[in-house]
Amino acid sequence: MDIQTLHAFEDNYIWLLRDGRRVVAVDPGDAAPVLHYLEEQHASLAAILLTHHHGDHTGGVADLLSRGPVPVFGPAGETIAGVTVPLRGGDSVPLPELQGNFQVMDVPGHTRGHIAYYGHGALFCGDTLFACGCGRLFEGTADQMWASLCKLAALPGDTLVYCAHEYTQSNIRFALAVESGNAALQMRAVRVAQMRAENRPTVPFTLAEELETNPFLRCGQAEVAASAERHSGGKLSAESKVFAALREWKNGFR
Ligand code: ZN
Ligand code: FE
């Protein structure tokens, strides 16, 4: 199985899983780049996977379905037009056209029903985990998001993470404000600056790299906790509280 990168809007990624001429689209917020790809490659759409209900992830579904029905997998906990197979954590998603199979993980926080897909060494996590960052808490609580991130962080370190936005460079600016003494983070900042200067995607990335550099996965580290406490002005008694303080801080960070 091959994974292709499509760009949409300002900074969204639409991921295409491909085997031969059969393609599965993940979070097609816009139909146009998907249709263009299918036409150019003489390929056909086999299914759609959705992580959550936001328009920049679902906006292309109706248009894609108007060209012919395909199964649309999405979170059972959210109402999304076009979903034919509602999914919950623990479900599996067989994709016979790609000889693939993904496991569904419940990852509430950014939205209440947000799900992620894990399989074949790849994780499609929508707006939950970003490179050096995490999604905003639009519907869920900090505790929910923290639990979701911990679940993702427990996957094998060589897992390739396919998140839905190119936010890495601005996330790294915040990460450096939190943990300026992190050498791995400093090195990643240089590498990412180079990649972005060449207009290359910084996604996918490995979970191992996140564990070394993403402050939101490093709430147990002394420097991260100390920065969060300095910013929030009080002792933070648990990693989940450090996480909540970091998320608050980042919301107002420029
Ligand atoms: Zn979103
Ligand atoms: Fe999004």
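The values are calculated or read from the model by the stated rules, or taken from the named source; none is laboratory data. Keep in mind that this is a model prediction, so the values were computed, not measured. We place every Cβ from the backbone using ideal geometry, glycine too, and count neighbours over all the protein chains shown. Only protein heavy atoms, including side chains, enter the accessible area calculation; ligands, DNA and RNA are left aside. Shrake-Rupley method; radii C 1.70, N 1.55, O 1.52, S 1.80 Å.
What is the number of the single condition among (1) touching a helix residue (DSSP H, G or I) at 6+ places or on another chain (Cβ under 7 Å); (2) within 20 Å of Leu6 (Cβ to Cβ); (3) part of a strand (DSSP E or B) that Phe124 does not meet?
Just one mismatch for Phe124, condition (1).
May I ask you to list the residues in the range 137-175 that are more than 30 Å from Ala197 (Cβ to Cβ), outside any helix (DSSP H, G or I) and of a type in the set (Ser, Thr, Tyr)?
Thr141
Checking the condition within 16 Å of ligand 1 (Cβ to nearest atom) and touching a strand residue (DSSP E or B) at 6+ places or on another chain (Cβ under 9 Å), which residue from Pro71, Pro33, Pro28 passes?
Details: Pro71 fails: within 16 Å of ligand 1 (Cβ to nearest atom); Pro33 fails: within 16 Å of ligand 1 (Cβ to nearest atom).
Residue meeting the stated conditions: Pro28.
Go through the range 212-243 and give me each residue that's of a type outside the set (A, V, I, L, M, F, W, C) and closer than 19 Å to Ala154 by Cα. Working first, answer last.
Pass one, the range 212-243, residues of a type outside the set (A, V, I, L, M, F, W, C): 212-215, 218, 220-221, 223, 227, 229-235, 237, 239-241.
Correct list: Glu212, Thr213, Asn214, Pro215, Arg218, Gly220, Gln221, Glu239, Ser240.
Restricting to the range 216-242, and then to whatever is outside any helix (DSSP H, G or I) and either open to solvent by less than 30 Å² (accessible area, probe 1.4 Å) or not aliphatic (A, V, I, L, M) (or both), can you tell me which residue is farthest from Phe253 (Cα to Cα)?
Taking the range 216-242 as the starting set, the residues that turn out to be outside any helix (DSSP H, G or I) are 218-221, 233-238.
After this cut, where a residue has to be either open to solvent by less than 30 Å² (accessible area, probe 1.4 Å) or not aliphatic (A, V, I, L, M) (or both) as well, the list is 218-221, 233-235, 237.
Values: Arg218: 18, Cys219: 18, Gly220: 21, Gln221: 21, Gly233: 16, Gly234: 19, Lys235: 21, Ser237: 23 Å.
My answer is Ser237.
Which one of Gly140, Gly113, Gly121, Gly100 is in contact with a Pro (Cβ under 8 Å, 6 or more places away or on another chain) and open to solvent by 30 Å² or more (accessible area, probe 1.4 Å)?
Values: Gly140 fails: open to solvent by 30 Å² or more (accessible area, probe 1.4 Å); Gly113 fails: open to solvent by 30 Å² or more (accessible area, probe 1.4 Å); Gly100 fails: open to solvent by 30 Å² or more (accessible area, probe 1.4 Å).
Answer to the check: Gly121.
Any idea which of Gly82, Gly60 is over 19 Å from Asp19 (Cα atoms) and either within 16 Å of ligand 2 (Cβ to nearest atom) or open to solvent by 40 Å² or more (accessible area, probe 1.4 Å) (or both)?
Values: Gly82 fails: either within 16 Å of ligand 2 (Cβ to nearest atom) or open to solvent by 40 Å² or more (accessible area, probe 1.4 Å) (or both).
When all the criteria are applied, what remains is Gly60.
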